[in-house]
Amino acid sequence: MKYKIEKNTVQETLILPLYSRKLCTELYPNLYQDETAVRLIDQIDYDFSEAEENSRSLMQRFGALEVAMRQNDLAFEVQAYLKNHPCAAVVNLGCGLDNTGRACDNGRCKIYNLDFPDVIALRQQLLTAGEREQNIPCDLKDPAWFDKIDASGGAVFFASGVFYYFLTEQVRELVQGMADAFPGGVLVFDAANRTAVKMIAKTWLRTAKIKDVGAYFAVSDAKSELSPWDSRLRVSSRGYMLGYNDLKDPSISGFFRFLARVGDNGMKMQIVKIGFGDRQ
């Protein structure tokens, strides 16, 4: 039995990223594999005709590559943390229907998937929590969720495409609160500069009738801009299109590599890594 998703619902917003991950898997199998996305798309009753039509365009295919690189990079950072903290909490902030936490499972870590209650309700239908895994309904801006994370073995948090929807002040408050609650932990997430955020604003911000684009989180030089938030923060960043992979795969055209350089250098598309240390 397929799970029906209606148009113009919150649940629909989860479908397009899922479809992009499926498209990534089909277009760039040497670079990215998400069999969960492929399986879930087959289990969902939804009119994918528009998404399928759009998938033929050059920019949509580059967008799929962008999604693939972002997910790979975040998974790399999670796995790197687990090498030194094998029993850590792996926390997917704004998880949607993403299964990166389980993909990084080393057999010892604890996996937490956090999102709004209606999103978690859908996730419970399609991605039932496995062993050592919890799906937690919450508002990320409310620190009440901190107490639900067992960080006794360390904690690595990751957020994919989430903080573009946050005001800068909201990100700062969240990061400072996490530094208090999870010393020794690490937060990794994707970010971009103001130019890129304004491009995003042409779609979702306009739909949400948001006018003050400048108040939303954007960053160009993560270390210099975010380190002053708190002396405990250890901030670094890498371009997420080419910072982890040179994209010299036969499936990637020279034009796409050019666009990747524009993304990393012009739009400052990056993976930001913040370690929570002690105050200096």
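Bear in mind these aren't lab numbers, they're just calculated from the coordinates by the rules spelled out. No experiment lies behind these values; they were computed from the predicted model shown. Here the Cβ is made from the backbone with ideal geometry for all residues, glycine too, and neighbour counts use every protein chain on show.
Taking the number of Cβ atoms within 10 Å of each Cβ as an exposure proxy, the fewest-first ranking of M1, M59 is M1, M59.
What distance in nm separates the two pseudo spin-label positions at D221 and R234, each 7 Å out from Cα along the beta-carbon direction? Rounded to a tenth, the inter-label distance reads 2.2 nm. Cα centroids of segment 1-62 and segment 126-162: 24 Å apart.
For the residue pairs K83/K223; K110/K198; K4/K83, alpha carbon separations beyond 29 Å are given by K110/K198; K4/K83. Under the convention that each Lys and Arg Cβ holds +1 and each Asp and Glu Cβ holds -1, the size of the dipole of segment 45-201 around its Cα centre is about 500 debye.
Taken about its Cα centre, segment 67-121 carries a charge dipole of about 260 debye when Lys and Arg each add +1 at the Cβ and Asp and Glu each add -1 at the Cβ. DSSP bridge analysis restricted to the chain gives an antiparallel fraction near 40%, rounded to the nearest 5. Look at the alpha carbon pairs under 8 Å that are at least 6 residues apart: their mean separation over the length of segment 15-67 gives a relative contact order of 45 percent. Taking the charge dipole of the chain about its Cα centre, with +1 at Lys and Arg Cβ atoms and -1 at Asp and Glu Cβ atoms, the residue from P143, N8, G185 reaching farthest to the positive side is G185.
Of the trypsin sites (Lys or Arg not before Pro) found in segment 248-280, the ones in coil according to DSSP and having at most 14 other Cβ atoms within 10 Å of their Cβ are K248, R279.
Across the chain, Cα-Cα distances exceeding 22 Å account for 58% of all pairs.
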